[in-house]
Amino acid sequence: MWTSKRGVDLIKSFEGFSSVAIQLKGEQYYTIGYGHYGPDVRPGQRMTHEEAEILIRKDLQKFEAWVNKYAPWPLNQNEFDALVSFTYNCGPGNLQSLVRGRTKAQVAQHMLVYTHSGSEAYTAGLYARRKKEQALFLEEDMERWNKLSDVPAGYYREQVQRLISQGLLAGDGQGLNLTEDMLRTILIVERAIKKATGEG
């Protein structure tokens with residue numbers, strides 16, 4: 001599974017956007033874009049929203065892999081998105097601790113434990129984030145398109161057919177396991193990549 005646009009938007013809303021590299025108090029490296037942190041970020045580096053969109057999608061791949069690896073039960077899209085956001089903020093070790101030996105209901109309840117910080121203001125922010133993640137985790141999943149004929153005729157079906165022909169979606173359209181939000185995310189990322197590379 002991969003993160004839907006709704007999940008990405010949730011993460012972005014809490015990470016915020018920085019067009020210039022900043023070094024947060026107590027951190028070794030700089031942060032830029034939507035919370036991208038590491039030795040590859042240089043002092044004075046700048047970034048556009050389009051570049052940050054591509055970067056967060058690339059960054060999310062490792063967090064998505066951890067959720068796919070450690071979740072002990074099948075996830076729907078909302079549960080997956082909530083756990084990716086949690087892991088993006090808390091790391092894979094805390095994800096393992098959160099899900100180990102718990103049912104989905106217990107995981108949702110236990111999310112609120114991960115709100116402690118040395119700063120009262122930061123703790124309040126963590127609590128707000130956990131509440132949003134918890135609400136998303138518990139929300140009923142979106143309708144899924146499992147085959148091409150499930151996709152509404154018109155623009156969406158044309159795009160799905162194109163993506164299938166390009167090998168980006170499952171073969172002949174069987175077993176798509178796709179939602180409208182997931183399709184919109186693919187199309188948005190496509191446009192951002194084309195714009196960043198000068199193809200669009």
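Shown for the stretch 52-96: the carbon plus sulfur share of the solvent-accessible area, taken with all protein chains present and a 1.4 angstrom probe, equals 51%. Under a 5 Å amide H cut-off, with hydrogens placed 1.01 Å from N, Gln23 pairs with Thr31 among residues at least 5 apart or on other chains.
Determine one quarter of the surface area of the Cα convex hull of the stretch 129-200, which equals its mean projected area, and express it in nm² to one decimal. Mind showing how you got there, number by number?
Values: hull surface 25.6 nm².
Its average projected convex-hull area is 6.4 nm².
Using 0.36 nm per residue and subtracting the Cα-Cα separation, the extra length available between Lys62 and Arg162 on full extension is 33.3 nm.
Accessible surface area normalised per residue over the stretch 7-54 is 57 Å², counting heavy atoms of protein chains with a 1.4 Å rolling probe. Placing a label point 7 Å from the Cα of Asp150 along the Cα-to-Cβ direction, the residues of the stretch 158-197 whose backbone N falls under 13 Å of that point are 170, 173-183. The stretch 1-79 and the stretch 130-161 have their alpha-carbon centroids 22 Å apart. Fully extending the segment from Thr123 to Gln106, taken as 0.36 nm per residue of separation minus the present Cα-Cα distance, adds 3.9 nm.
For the options Tyr88, Tyr114, Tyr156, a Gaussian network treatment of the chain with springs between C-alpha atoms closer than 10 Å singles out Tyr156 as fluctuating the most. Too long at a 28 Å Cα-Cα cut-off: which of Lys25/Lys194; Lys25/Lys69; Lys62/Lys194; Lys69/Lys194; Lys69/Lys195; Lys62/Lys195? Those over the limit are Lys25/Lys194; Lys25/Lys69; Lys69/Lys194; Lys69/Lys195. Accessible surface area normalised per residue over the stretch 66-189 is 51 Å², counting heavy atoms of protein chains with a 1.4 Å rolling probe.
The values are calculated or read from the model by the stated rules, or taken from the named source; none is laboratory data. Since the model is a prediction, treat every value here as computed from it, not as a measurement. With ideal geometry, Cβ positions are generated from the backbone for all residues, glycine too; neighbour counts draw on all protein chains shown. Protein only, heavy atoms only, side chains kept; ligands, DNA and RNA dropped before computing areas. Shrake-Rupley method; radii C 1.70, N 1.55, O 1.52, S 1.80 Å.
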